[in-house]
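So the structure is just underneath, and the comments pick up after that.
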Amino acid sequence: MTLDMSYEAVMGRKNEIMKKAIGIDYSEFESGSLSFDYERMMHEAGYSLDEIRKIQGATGVGNTPLLELRNITALARKYAPAGKGARIFVKDEASNPSGSFKARRAATAVYHAKRHGYKGVIAATSGNYGAAVASQAAMQGLKCIIVQECYDSRMIGQPEILEKQRACEAYGAEVVQLTVGPELFYTFLSLLEETGYFNASLYTPFGIAGVETLGYELAEQFRERIGSAPDAVVVTHAGGGNVTGTARGLIKADAEDTLVVGASVDLSGLHMASDHDFNRKSFTTGHTGFGIPFATWPDRADVPRNAARPLRYLDRYLLVKQGEVFYITEALAILEGLERGPAGNTSLTAAFVLAQEMDRDQTIVVQETEYTGAGKHPMPQISFAKKNGIEVLFGDPDTEVPGKNIVFPENPGAIKLREFDLDKARRSYIRNAIDKCRSEGCPSDEDMAFLAAETKSDRSFVQSVIEELKASK
Amino acid sequence: MERAKKGDWVQVKQIVLPPEGRAPQAPEDTKATPLLLWVKGFAKSDGAMGEEISVETLTGREVKGELSAINPRYVHDFGDFVPEFLVIDVQLRSLMEEV
């Protein structure tokens, strides 16, 4: 019997393909209405922090250095009001085996796949996670396929993604490259079905638990060095796993008072699945094109229930501009002697301005760096942008229009703090959830408590949003 | 016309979905184009560029597609020099002297 491979047919087989490819029965955690038991899922389907530290330690993942950025702190203080200018530290995650924090997620996913007898792993990613899975598969002796959204219809590839392809191939993985479009998921499902490999999704409980060690470690390192947990941790936010895992790790380290601040590059106006827009962005991750949709509806990922649920943990969400991140990437190299990023420096850019409103004796940790190299570096990104008709200029970063221009700040003082209203994201999450209500009693009492936890709010907030929704109908 | 020999390391291109088979939620400009796929493997037969051949990929899968490259090179690099970065670097160093 030949299987029907049309888009509709493969998507129709999604649930059975997924069940075989992850080995988690998500229905065990479902209430049948909106809510599901997130903590029980994380506990039963994931691994404990100690187990993960062992798994990661076995392949040299984690225990990355915590560096104080004294010169960047001094520069921030130049623009801060008197008495302001918090100390900025960075967790140098580029020193993980595959050059980014994603090694933490990949280590647990590949370990889990191997333990459950899968012969290989597949991940759908154009980012650092591909190299991380490929590296871990090489270490643990599994086969590996990485599916990338890489080219526009003219076969012009984003240099950063082409570099990830090279890195994956360097670790012995097979790389399947696609033109832009939402059907990446269709190809991914087809490959899972064909090979019987494990779905090394970024969003499984064990993938997210892999990031918990990052939050835990930085709190530990900080206490050892400074005597207390940091006042704020800034996290580059895209799919939500970095925020979720880090925040959970901080909580496990009893650092509940540490402020969790997300940061994304503002790419508003660009459509992520558009053939035309694809090569007009200079960031392929860490941007609002992922950050906002994944915060306001996490269950759009490649697993039935996403373990990354950023609105549960975010205290603030800051937006930065492409030109600002490139500027700060230069500052990191020129002032601190660290050539890293650029995408991983999104959080550093936000920290640079956040520091200016915090007291001098306060502390901020930027919780990641990533490796840099050909393709994945400010130089190829900007020259690629120029070739795609993007204007590059100095000026007011607020005049930057994604897809049209990249505006380098005239000086570091022009880099601004832009707050994204999290209540707006929370409202939008609740609206998306209520849209899924199918039964008479929905949302139930349990659903209300769930929605409050999902949005780090309370029942009265959830109630008020539901009333607003009713009134607008 | 360049030809691949059996056993050569090559890249093949496949049309996964024609424009009319694309996902309903794809934006209009994307829907006007086919979904294309490229993968590399060892050629299972000789073939000319543009001809359909089969390859064996690194995971041992057999994939059919149009021969699109032989020993495909990595094309990404550090790009053209961007003088704007020098302006930033000089500015940063002089600001640090003031700090």
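Can you tell me which residues in the range A:319-342 are closer than 26 Å to residue A:422 by Cβ, of a type in the set (D, E, K, R) and within 12 Å of chain B (Cβ to nearest Cβ)? Matches in the range A:319-342: A:324 only. For the range A:355-372, the criterion of a residue being among the hydroxyl-bearing types (Ser, Thr, Tyr), under 20 Å from residue A:287 (Cα atoms) and within 13 Å of chain B (Cβ to nearest Cβ) is satisfied by at least one position. Regarding residue A:31, is this residue out of contact with any Pro (no Cβ under 8 Å at 6 or more places or on another chain) and within 21 Å of residue A:449 (Cβ to Cβ)? Here the answer is yes, as residue A:31 does meet what is asked. Residues in the range A:101-134 that are among the polar types (S, T, N, Q) and within 14 Å of residue A:207 (Cβ to Cβ): A:108, A:125, A:128. Among the residues of the range A:362-374, is any surrounded by 24 or more Cβ atoms within 10 Å (Cβ to Cβ), over 26 Å from residue A:246 (Cβ atoms), assigned by TED's automatic domain parsing to the domain that holds residue A:220 and modelled with pLDDT of 95 or more? Checked against the condition, which is being surrounded by 24 or more Cβ atoms within 10 Å (Cβ to Cβ), over 26 Å from residue A:246 (Cβ atoms), assigned by TED's automatic domain parsing to the domain that holds residue A:220 and modelled with pLDDT of 95 or more, the range A:362-374 yields no hits at all.
For residue A:8, the criteria (1) in a helix (DSSP H, G or I); (2) closer than 25 Å to residue B:17 by Cα; (3) touching a residue at least 12 places away in the same chain (Cβ under 8 Å) hold in every case but one, which is (3).
Give me the residue from the range A:143-185 that is in contact with a Ser or Thr (Cβ under 9 Å, 6 or more places away or on another chain) and aromatic (Phe, Trp, Tyr) and, out of that set, surrounded by the fewest Cβ atoms within 10 Å (Cβ to Cβ). Once the filter is applied, the top-ranked residue is A:171. Every listed requirement among (1) without any contact (Cβ under 8 Å) to a residue 40 or more places away in the chain; (2) touching a Ser or Thr at 6+ places or on another chain (Cβ under 8 Å); (3) of a type in the set (Val, Ile, Thr) is met by residue A:334 save one, (2).
Within the span defined as the range A:398-419, one or more residues are in contact (Cβ under 8 Å) with a residue 12 or more places away in the chain, within 20 Å of the chain's Cα centre (by Cα) and loosely packed, with under 14 Cβ neighbours inside 10 Å. Residues that are of a type outside the set (Val, Ile, Thr) and within 14 Å of chain B (Cβ to nearest Cβ) number at least 2 in the following strands (runs of 3 or more DSSP E) confined to the range A:160-279: A:174-179. Among the residues of the range A:119-139, just one is outside any loop (DSSP other than H, G, I, E, B), touching a residue at least 60 places away in the same chain (Cβ under 8 Å), touching a strand residue (DSSP E or B) at 6+ places or on another chain (Cβ under 9 Å) and surrounded by fewer than 24 Cβ atoms within 10 Å (Cβ to Cβ), namely A:120.
Here is a check on your reading of the model: is residue B:23 modelled with pLDDT of 95 or more and either under 17 Å from the mean Cα position of the chain (by Cα) or surrounded by 13 or more Cβ atoms within 10 Å (Cβ to Cβ) (or both)? So residue B:23 fails the test. Residues in the range A:1-27 that are within 27 Å of the chain's Cα centre (by Cα) and either hydroxyl-bearing (Ser, Thr, Tyr) or over 24 Å from residue A:185 (Cβ atoms) (or both): A:26, A:27. Could you tell me which residue of the range B:55-99 is farthest from the other protein chains (Cβ to nearest Cβ), considering only residues that are of a type in the set (Ser, Thr, Tyr) and touching a Phe, Trp or Tyr at 6+ places or on another chain (Cβ under 9 Å)? Filtering first and then ranking leaves B:68. Would you confirm whether or not the range B:40-54 contains a residue that is facing chain A (nearest Cβ under 7 Å) and either surrounded by 15 or more Cβ atoms within 10 Å (Cβ to Cβ) or farther than 20 Å from residue A:166 by Cβ (or both)? Within the range B:40-54, none of the residues are facing chain A (nearest Cβ under 7 Å) and either surrounded by 15 or more Cβ atoms within 10 Å (Cβ to Cβ) or farther than 20 Å from residue A:166 by Cβ (or both). Of the residues A:106, A:86, A:76, the single one that is in the same structural domain as residue A:125 (by TED's automatic domain parsing), touching a helix residue (DSSP H, G or I) at 6+ places or on another chain (Cβ under 7 Å) and either modelled with pLDDT of 95 or more or not aromatic (Phe, Trp, Tyr) (or both) is A:106. Restricting attention to the range A:27-48, the residues being surrounded by 17 or more Cβ atoms within 10 Å (Cβ to Cβ) and assigned to a helix (DSSP H, G or I) number 5.
The values are calculated or read from the model by the stated rules, or taken from the named source; none is laboratory data. Because the structure is a prediction, the values reported are computed rather than measured. Backbone-built Cβ (ideal geometry, glycine too); neighbour counts: all protein chains shown.
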